[in-house]
Amino acid sequence: MNRDPDCIFCKILDGRLPSTVVDEDERTIAFMDINPATRGHALVIPRSHSRDLLAVDAEDLSAVAQAAKRLAGRMRDRLGADGVNLINSCGELAWQTVFHFHVHVIPRYAGDPMRLPWLPSPGDPAEIAAAAQEIKGA
Ligand code: AMP
Ligand code: ZN
């Protein structure tokens, strides 16, 4: 099990920082975010430290996704959420502030303060295709 002694989420895992745990299994724990975007906002993390999406082990990623789905169902059933957003930020430029891989599980309610972080508008088809070409395949 990887641990980073300076990581705040590793400190939560080790009981060196308090948290409100709402779910756990062999590979993951989930606890309440102390700056909730909406009522019930939780974070799912792997027990093993990795800094972000690009570093996380495939089995941990899968376990985190399954835990997030489990929580989403409970948010619907118990909190009366009308929807759920799963959010991951990978890298400082992408707003990551805690460098222990995590997924935000954010219940959504009619009239809540969440807003899309981008303004959807049609892209240039040639530029979309060019970017796709760079992303594709081997
Ligand atoms: P991100 O900005 O995507 O890296 O998310 C980090 C999240 O961790 C933020 O939403 C913080 O509110 C949350 N957070 C930071 N410290 C704690 C803590 N001690 N307990 C619970 N949540 C925390
Ligand atoms: Zn950590």
Residues of region 4-59 classified as among the basic types (Lys, Arg) and touching a residue at least 12 places away in the same chain (Cβ under 8 Å), total: 4
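Picking from Phe9, Phe31, which residue would you name as being within 27 Å of Gly111 (Cα to Cα) and modelled with pLDDT of 95 or more?
On the way: Phe9 fails: within 27 Å of Gly111 (Cα to Cα).
Exactly one residue qualifies, and that residue is Phe31.
For region 111-138, what are the residues that are aliphatic (A, V, I, L, M) and away from ligand 1 (no atom under 16 Å from the Cβ)? Please lay out each step first, then the result.
Step one: of region 111-138, the residues aliphatic (A, V, I, L, M) are 114, 116, 119, 126, 128-132, 135, 138.
Listed by number, the residues that qualify are Leu116, Leu119, Ala126, Ile128, Ala129, Ala130, Ala131, Ala132, Ile135, Ala138.
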Quickly run through region 1-10 and pick out the residues that are out of contact with any strand residue (DSSP E or B) (no Cβ under 7 Å at 6 or more places or on another chain), within 15 Å of ligand 1 (Cβ to nearest atom) and under 23 Å from Ala58 (Cα atoms). Asp4, Cys7, Ile8, Cys10
Of all residues in region 81-103, which are in contact with a helix residue (DSSP H, G or I) (Cβ under 6 Å, 6 or more places away or on another chain), surrounded by 17 or more Cβ atoms within 10 Å (Cβ to Cβ) and under 14 Å from His41 (Cα atoms)? Ala81, Val84, Val103
Which of the numbered conditions does Asp33 fail, given that it passes all the others? Conditions: (1) of a type in the set (D, E, K, R); (2) in contact with a strand residue (DSSP E or B) (Cβ under 7 Å, 6 or more places away or on another chain); (3) away from ligand 1 (no atom under 14 Å from the Cβ). (3)
Within region 72-110, count every residue that is in a loop (DSSP other than H, G, I, E, B) and more than 16 Å from ligand 1 (Cβ to nearest atom). 5
Scan of region 111-136 for residues that are open to solvent by less than 90 Å² (accessible area, probe 1.4 Å) and not in a loop (DSSP other than H, G, I, E, B), ordered by number: Ala126, Ala129, Ala130, Ala131, Ala132
Tell me, which residue of region 20-71 that is within 16 Å of Cys7 (Cα to Cα), in a loop (DSSP other than H, G, I, E, B) and of a type outside the set (A, V, I, L, M, F, W, C) is most open to solvent (accessible area, probe 1.4 Å)? Arg51
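The values are calculated or read from the model by the stated rules, or taken from the named source; none is laboratory data. Here the structure is a predicted model, which means the values were calculated and not measured. Every residue, glycine as well, gets a Cβ built from its backbone with ideal geometry; the counts of neighbours run over all protein chains shown. Only protein heavy atoms, including side chains, enter the accessible area calculation; ligands, DNA and RNA are left aside. Shrake-Rupley method; radii C 1.70, N 1.55, O 1.52, S 1.80 Å.
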